[in-house]
Amino acid sequence: MVFSPQLFFRRSRSRSHRNSGFSLVELLVSVGILLTVLAIVCEQIAAMQKMSASEAAKLDITQQTREFLNQTVRDLHMSGYPGPSVYATQPTLDNPSVAAGLVSVSPTQVIMEGDVNGEGQVYSVAFSYVAADPNDPNCPCVRRGAIPKSAAFPWAQPAAASYTQAEHLVPPGTGAGQSGQDIFQFLDRNGNPVDLSTGNDISTPQGALNVASIATIKINLMLATSQRDPASGQPVTVALSALARPRQ
Amino acid sequence: MKPSLARRKQEKGAALLLSLFALLLLSAIGVFMYVSSDTETHIDSNYRTGISAFYAARFGLEEVRDRIRYTAAASPGGIADGLPQTIAGTPGGVLYIINGVGIIDPTDPNSPYFDDQLCHDYNSAVDKYTKCASVPTASGWALANKASLTSAGAAGSFKWARVNIKTNRIADPYFVNGANGPSTLDVPICYDGVREQISPGGTNPFCDANGMQTVYMVTSLAVTPGVSRNSSRRMLRSELVAPSIRPAGAVTMDANSVNPTLGSGIPTTTIDGRNHNLDGTLPSTTSRCSNISSLAIDSGNVSTQFQQALSNLRTSIVSQANNSCNYSNGSGINGNSCPPALWWVRGTNQTPRFGSITITVSSSGSSGSSDGHDGGSSGGSSSTMTLTGASPSTLNLAAPELMATSATYAPNIPAVVYPSSQTAPFAGGTGNQADPVLYQPPSASVLPDAFTTVNALVASASQQPNYISIPPGGTLNTSYGSSSSPVVLVITNPNGLVLQNTTLTGYGVLVVPSSLQLNTATLNWTGIVMVQGGAGQFSIGQNSLGSITGAVLLQAASSTALSLQTVAANSNFAINYSCDAVDMAFGALPFKVISSSEFN
């Protein structure tokens, strides 16, 4: 069969003329279907965007928390290095070249000394929970401040002026709106909680004994973002834990 | 029927575009979520591998910490008798324990597991902030590799551990002796039981000859499987030291002053600082421990007192020789020829070998007189005379000739033959000093720290079944413990313990307050005997027999005198140093971790 363009276009024009235009009903139906499809797609896109934002926020906060935990664990592993026993002459703990190890511990704060950077400088490092800070909307938060040790006893070291922090912390504790556990938990060599009721810092003999019995520190951080989970409608939270075995 | 072209044109719409757009959007969201998920997975993966590497490196440290406790002969894998005896960078200064011998090579600079920290442990001139790229040039700088006892698995990430002696260079900038570090950079570091010390022997690493243990640095590397971002690497380091003590002397005394009572004559008690086996015999081969001095004291003041006491003993021996017998080839004083030992002291000629002593000659005649010299007496009246010859202070109390049983003639000083079973009254090693009899550590804290360590052992055993406490008036058994099951026997009577007409045998630690006296008694103790507090007295009285194999520690309260009676009639007692016996008393305690750190 031979193709004839003239015949083809003539037939087309004729049919086109005969079927020209849509009826109103057809138009309304088609527009309706289109709007419905668009609505569904847009809704899904919006849900996806919310989920994406939620996941992005979770990712950011996970990364931030993990980084903070890694730093904390690494610091605690360098706790007490170098200790007094590596010196021939018994040094007192106000010697800037001596790391006292764990200095003060509580469910919301750990203060330690150690050459955390391996650079020949002993630092006084404090991990502290800050419930609120009028100058920082990102709190509740946990801050890590490190300052070169000065010629003072470990419990009299100044606080660091600068710090890093894990932000938007869910307050520790077991009450409503709280994380359900302490930020810092202290375990002895058998895995039992250390009784710190009689002293929790090395400025007293009993406190020093209690602190010295700490074999493991568990760090629990739960952080919330301003984003809400699309499914539950609750704020997105991330809970991470880490174990550190400080050398004392 | 196919639609016409016009109809198809009429039906052109947004469906395709919308579909493509929706597909693109969903794909973008999907890709984003995948990337997010993947990133999150890698964050968690890095954390997991990091933790895995950390604990794998810890595994390496703990493996060495365990194997360093025993010898290869005692148990397969033991490295206690294969540790470096020299510092890193010198022949035999490094020992590697490798997880994968033949595969892992920490000495190959091209290996991913190359030991890039070793150069900082010896004088390589590499800046401490620069990673190492080469190994020591000294021939045989590393001992033959030991294989790790682990198998593949969770600990497979552990690659190697290195053992070498700690030096002040490694401690940089935390020099053990403070700011004076650079002048002692390559001096080994010792541990006195409480803190680290610069080795008194200088570059001589034998800390145990100076009352201390050698500090070993153990460096461990772990790398998790995978490549680049999926793999983690951790290098940890610990300073390890044996939990036991190395006493400075076979008898170690710690007090502000001492009052040694040394009987006259040739001592029948021997104090032997040479290292003995657990059964009291001398090792047939090279010992893993150094010889130590027979006596150790803790201050210069005490040293003067004790030196005076030893001089008195020397004078006493010479006096006895000169007063009781003639030189061997003569008729002898009162017809007595000197026995070989006194013969050696007295000499073989009319001129005594030692004689710078003043002797009172009796006026009642020659018989029974205390004539101190052959032909030197004159009857009728008392007179004094000074013998010629060397000063008694030069008499070598550590000379085995004092216990000789036979001799050959010689012009003045005989060549004395003595059986190996006989020992000079004081024998031992010299530590960082020339005197094998008396040792004084350079740091006054060394000796008290040994007592502190033993007390810590006693305290830790207080709740254990091998802890035995004897109250005042309590009955003492004749035997306690064994070499495989040592005891901690604590006498609580504040007046101490008097062993009279009895026998006591034991293994482990014997703790006695104030005073331990033997009187017609037999004591055989293997391990540590510690008299602490009060007079801090250990008295070996008449008819006392037996031995202490291990070490004796005497510590008195401040300003309280010590009394060590080494000579008594009819006694034959031996105090023999044995590091095996001392270690046995400490049981199976693991090596102490003095310090630990992690490389960045």
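Working only within segment A:112-142, note down all residues that are over 20 Å from the mean Cα position of the chain (by Cα), surrounded by 14 or more Cβ atoms within 10 Å (Cβ to Cβ) and either away from chain B (no Cβ under 14 Å) or not in a loop (DSSP other than H, G, I, E, B) (or both).
Selection gives A:Met112, A:Glu113, A:Gly114, A:Tyr123, A:Ser124.
Return the residue satisfying two criteria in turn: it lies in segment B:591-600 and is out of contact with any helix residue (DSSP H, G or I) (no Cβ under 6 Å at 6 or more places or on another chain) and either closer than 20 Å to B:Cys190 by Cβ or among the hydroxyl-bearing types (Ser, Thr, Tyr) (or both), and of such residues it is farthest from the other protein chains (Cβ to nearest Cβ). I'd like the intermediate steps shown before the answer.
From segment B:591-600, those out of contact with any helix residue (DSSP H, G or I) (no Cβ under 6 Å at 6 or more places or on another chain) are B:592-593, B:596-597, B:599-600; that's our starting set.
Next, from what is left, pick out any that are either closer than 20 Å to B:Cys190 by Cβ or among the hydroxyl-bearing types (Ser, Thr, Tyr) (or both): B:592-593, B:596-597.
On the way: B:Lys592: 9, B:Val593: 7, B:Ser596: 5, B:Ser597: 5 Å.
Among them, the one singled out is B:Lys592.
Any residue in segment B:93-105 that is part of a loop (DSSP other than H, G, I, E, B), within 28 Å of A:Asp115 (Cβ to Cβ) and not polar (S, T, N, Q)?
Among the residues of segment B:93-105, at least one is part of a loop (DSSP other than H, G, I, E, B), within 28 Å of A:Asp115 (Cβ to Cβ) and not polar (S, T, N, Q), which makes the answer yes.
What are the residues in segment B:436-452 that are in a loop (DSSP other than H, G, I, E, B) and either surrounded by fewer than 19 Cβ atoms within 10 Å (Cβ to Cβ) or within 14 Å of another protein chain (Cβ to nearest Cβ) (or both), if any?
Keep residues of segment B:436-452 that are in a loop (DSSP other than H, G, I, E, B), which gives B:436-437, B:440-445.
Once the filter is applied, which keeps residues that are in a loop (DSSP other than H, G, I, E, B) and either surrounded by fewer than 19 Cβ atoms within 10 Å (Cβ to Cβ) or within 14 Å of another protein chain (Cβ to nearest Cβ) (or both), segment B:436-452 yields B:Pro441, B:Pro442, B:Ser443, B:Ala444, B:Ser445.
It is to be established whether one or more residues within segment B:155-169 are within 20 Å of B:Ile292 (Cα to Cα), modelled with pLDDT of 90 or more and more than 11 Å from every other protein chain (Cβ to nearest Cβ). Lay out the reasoning, then the answer.
The initial filter retains those residues of segment B:155-169 that are within 20 Å of B:Ile292 (Cα to Cα), namely none.
So far as segment B:155-169 goes, no, none of its residues is within 20 Å of B:Ile292 (Cα to Cα), modelled with pLDDT of 90 or more and more than 11 Å from every other protein chain (Cβ to nearest Cβ).
Out of segment B:453-470, which residues are surrounded by 10 or more Cβ atoms within 10 Å (Cβ to Cβ) and of a type outside the set (S, T, N, Q)? Outline the logic, then answer.
Initial filter on segment B:453-470 (surrounded by 10 or more Cβ atoms within 10 Å (Cβ to Cβ)): B:453-462, B:464, B:466-470.
Across segment B:453-470, the qualifying residues are B:Val454, B:Ala456, B:Leu457, B:Val458, B:Ala459, B:Ala461, B:Tyr467, B:Ile468, B:Ile470.
Given the options B:Asn204, B:Asn230, name the one that is more than 14 Å from chain A (Cβ to nearest Cβ) and more than 15 Å from the chain's Cα centre (by Cα). Give the steps one after another, and end with the answer.
On the way: B:Asn204 fails: more than 15 Å from the chain's Cα centre (by Cα).
That would be B:Asn230, the only listed residue that is more than 14 Å from chain A (Cβ to nearest Cβ) and more than 15 Å from the chain's Cα centre (by Cα).
Can you confirm whether segment A:169-190 contains a residue that is among the basic types (Lys, Arg) and more than 22 Å from A:Gly145 (Cα to Cα)?
Keep residues of segment A:169-190 that are among the basic types (Lys, Arg), which gives A:189.
Now drop any that are not more than 22 Å from A:Gly145 (Cα to Cα), which leaves A:189.
So far as segment A:169-190 goes, yes, one or more of its residues are among the basic types (Lys, Arg) and more than 22 Å from A:Gly145 (Cα to Cα).
Can you say whether B:Gly355 is of a type in the set (Gly, Ala, Ser) and modelled with pLDDT of 70 or more, as far as the supplied structure shows? Walk me through how you get there before you give the answer.
Details: of a type in the set (Gly, Ala, Ser): yes; modelled with pLDDT of 70 or more: yes.
Taking the combined requirement at face value, the residue satisfies it.
Is there a residue in segment B:524-542 that is modelled with pLDDT under 90 and not in a strand (DSSP E or B)?
yes
With B:Ser244, B:Ser238 as the choices, which residue is part of a loop (DSSP other than H, G, I, E, B), of a type in the set (Gly, Ala, Ser) and open to solvent by less than 20 Å² (accessible area, probe 1.4 Å)? Give the steps one after another, and end with the answer.
Working: B:Ser238 fails: part of a loop (DSSP other than H, G, I, E, B).
Going through B:Ser244, B:Ser238 in turn, just one is part of a loop (DSSP other than H, G, I, E, B), of a type in the set (Gly, Ala, Ser) and open to solvent by less than 20 Å² (accessible area, probe 1.4 Å): B:Ser244.
What are the residues in segment B:199-216 that are crowded, with 22+ Cβ neighbours inside 10 Å and farther than 23 Å from B:Ala551 by Cα, if any?
B:Tyr216
Output the residues belonging to segment A:44-65 that are under 28 Å from B:Tyr47 (Cβ atoms), at the interface with another protein chain (Cβ under 10 Å from one of its Cβ atoms), of a type outside the set (A, V, I, L, M, F, W, C) and over 11 Å from the mean Cα position of the chain (by Cα).
A:Ser52, A:Glu55
Taking the condition within 29 Å of B:Cys579 (Cα to Cα), modelled with pLDDT of 90 or more and open to solvent by 50 Å² or more (accessible area, probe 1.4 Å), does B:Pro109 pass? I'd like the intermediate steps shown before the answer.
Details: within 29 Å of B:Cys579 (Cα to Cα): no; modelled with pLDDT of 90 or more: yes; open to solvent by 50 Å² or more (accessible area, probe 1.4 Å): yes.
When the stated conditions are applied, B:Pro109 does not pass them.
Quick grid of which residues meet (1) open to solvent by 50 Å² or more (accessible area, probe 1.4 Å); (2) more than 11 Å from chain A (Cβ to nearest Cβ); (3) at pLDDT below 85:
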{"residue": "B:Thr39", "(1), (2), (3)": "yes, no, yes"}
{"residue": "B:Arg58", "(1), (2), (3)": "yes, no, no"}
{"residue": "B:Leu61", "(1), (2), (3)": "no, yes, no"}
{"residue": "B:Gly89", "(1), (2), (3)": "no, yes, no"}
{"residue": "B:Ile97", "(1), (2), (3)": "no, yes, no"}
{"residue": "B:Val101", "(1), (2), (3)": "yes, yes, yes"}
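Look through segment B:484-505, keep the residues that are under 17 Å from B:Gln532 (Cβ atoms) and in a strand (DSSP E or B), and return whichever of them is most open to solvent (accessible area, probe 1.4 Å).
Per the criteria, the residue is B:Val498.
Restricting to segment B:284-320, what's the tally of residues that are at pLDDT 85 or above and of a type in the set (D, E, K, R)?
Qualifying residue count, segment B:284-320: 1.
Would you mention how many residues in segment A:91-104 are within 24 Å of the chain's Cα centre (by Cα) and surrounded by fewer than 24 Cβ atoms within 10 Å (Cβ to Cβ)?
Keep residues of segment A:91-104 that are within 24 Å of the chain's Cα centre (by Cα), which gives A:102, A:104.
Those still in the list that are surrounded by fewer than 24 Cβ atoms within 10 Å (Cβ to Cβ) too: A:104.
Qualifying residue count for the region: 1.
Inside segment B:172-186, can you point out the residues that are surrounded by fewer than 24 Cβ atoms within 10 Å (Cβ to Cβ) and either among the aliphatic types (A, V, I, L, M) or over 21 Å from the mean Cα position of the chain (by Cα) (or both)? Reasoning before the result, please.
Going through segment B:172-186, the residues surrounded by fewer than 24 Cβ atoms within 10 Å (Cβ to Cβ) turn out to be B:172-175, B:177-186.
Scanning segment B:172-186 gives B:Asp172, B:Pro173, B:Tyr174, B:Phe175, B:Gly178, B:Ala179, B:Asn180, B:Gly181, B:Pro182, B:Ser183, B:Thr184, B:Leu185.
Any residue at all in segment A:177-185 that is polar (S, T, N, Q) and closer than 24 Å to A:Arg247 by Cα? Give the derivation first.
Going residue by residue through segment A:177-185, those that are polar (S, T, N, Q) are A:178-179, A:181, A:185.
If we keep only those that are closer than 24 Å to A:Arg247 by Cα as well, we get A:185.
So far as segment A:177-185 goes, yes, one or more of its residues are polar (S, T, N, Q) and closer than 24 Å to A:Arg247 by Cα.
The values are calculated or read from the model by the stated rules, or taken from the named source; none is laboratory data. On a predicted model such as this, the values are computed, not experimentally measured, just so you know. Every residue, glycine among them, receives a Cβ derived from its backbone with ideal geometry; neighbour counts consider all protein chains shown. Quick note on the areas: whole protein, heavy atoms, side chains included, nothing else; ligands and nucleic acids left out. Shrake-Rupley method; radii C 1.70, N 1.55, O 1.52, S 1.80 Å.
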